[in-house]
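Beneath this line is the structure, given in structure tokens, with notes to follow.
The values are calculated or read from the model by the stated rules, or taken from the named source; none is laboratory data. This is a predicted model, so every value here is computed, not measured. As a convention, Cβ positions derive from the backbone with ideal geometry for all residues, glycine included, and neighbour counts pool all protein chains shown.
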Amino acid sequence: MTSLVAVLAAYLLGSLSFAVIVSRLMGLDDPRSYGSGNPGATNVLRSGNKKAALLTLVGDALKGWLAVFLALTLASWAGLTVRDIALVAVAVFLGHLWPVYFHFKGGKGVATAAGILLALDWRVGLVVLVVWLIIAKGFKISSLAALVAALLAPLLTAWLMPERDYLYATLLLSALLIARHHRNIRDLLSGKEGKIGQAADKPE
């Protein structure tokens, strides 16, 4: 019962879409109405408001980190197993992708996945973040950086985390993240993918 409560709480926490929340609080257009239509930090940046984009990035990463951190911290007291913690990681990610508060239309999960990995093992999270930053800075393409990071994450997890359930969770997160980037992959292959900070436009 406790594990079910933890998983449900993680999903509800993940359902907080900071792109939408921050934009509303700052009087900006709904991020689902311009650019890629994705409620995430990269698309919020297309509004021209760097502060809003930063707050979105931090909020989405923090909720992923917090859900897993609390599960790890309270594991002994609540009787949570490694598998329960892995399920919490998946649940908070699913909440971001399909948020109950926003008609199940969420983001792609890059920042939330980073927060989850940092909580599971800071080494994995840090390396993934550094790789993302290097590629994003070098190519100015957020989706390319996210896809490379998603491919790298399970390899690092298999190497640095002995718990198989964490590897399975990371594999699922990476697969979902890549799947959510299907249109970006198509645009990358055709050379039409937008650059970081590109001016906003109406979604297709």
Looking at segment 70-79 only, could you name the residues that are surrounded by fewer than 21 Cβ atoms within 10 Å (Cβ to Cβ) and not hydroxyl-bearing (Ser, Thr, Tyr)? Leu70, Leu72, Leu74, Ala75, Trp77, Ala78, Gly79
What residue, of Leu160, Leu176, Leu144, Leu189, is farther than 23 Å from Ala61 by Cα and of a type outside the set (Val, Ile, Thr)? Leu189
Tell me whether segment 92-107 contains one or more residues that are surrounded by 24 or more Cβ atoms within 10 Å (Cβ to Cβ) and of a type in the set (Lys, Arg). no
Only one of Gly107, Gly95 that is under 14 Å from the mean Cα position of the chain (by Cα), assigned to a loop (DSSP other than H, G, I, E, B), in contact (Cβ under 8 Å) with a residue 60 or more places away in the chain and closer than 22 Å to Pro31 by Cβ: Gly107
So in segment 146-173, with the set limited to residues that are more than 18 Å from Ala41 (Cα to Cα) and buried (at least 22 other Cβ atoms within 10 Å of the Cβ), which one is nearest to the chain's Cα centre (by Cα)? Leu173
Suppose we keep only residues that are at pLDDT 95 or above and among the β-branched types (Val, Ile, Thr) within segment 141-184. Which one would you say is farthest from Val110 (Cα to Cα)? Thr157
Only one of Ala6, Ala41 that is within 22 Å of Thr170 (Cβ to Cβ), at pLDDT 95 or above, of a type in the set (A, V, I, L, M, F, W, C) and in contact with an Asp or Glu (Cβ under 8 Å, 6 or more places away or on another chain): Ala6
Could you give every pair whose Cβ atoms fall below 8 Å, whose first residue belongs to segment 33-51 and is hydrophobic (A, V, I, L, M, F, W, C), and whose second residue is in a loop (DSSP other than H, G, I, E, B), counting only separations of at least 6 or pairs across chains? Val44/Leu28; Leu45/Ile196; Leu45/Gly197
Answer yes or no as to whether Val22 is at pLDDT 90 or above and either closer than 30 Å to Trp77 by Cβ or surrounded by fewer than 17 Cβ atoms within 10 Å (Cβ to Cβ) (or both). no
Matching residues in segment 25-40 - criterion: being assigned to a helix (DSSP H, G or I) and crowded, with 20+ Cβ neighbours inside 10 Å: Pro31, Arg32
Counting only helices (runs of 4 or more DSSP H) wholly inside segment 116-204, the ones holding at least 2 residues that are touching a Ser or Thr at 6+ places or on another chain (Cβ under 9 Å), under 28 Å from Pro31 (Cα atoms) and charged (D, E, K, R) are 182-190
Can Leu4 be described as at negative phi, in contact (Cβ under 8 Å) with a residue 60 or more places away in the chain and not charged (D, E, K, R)? no
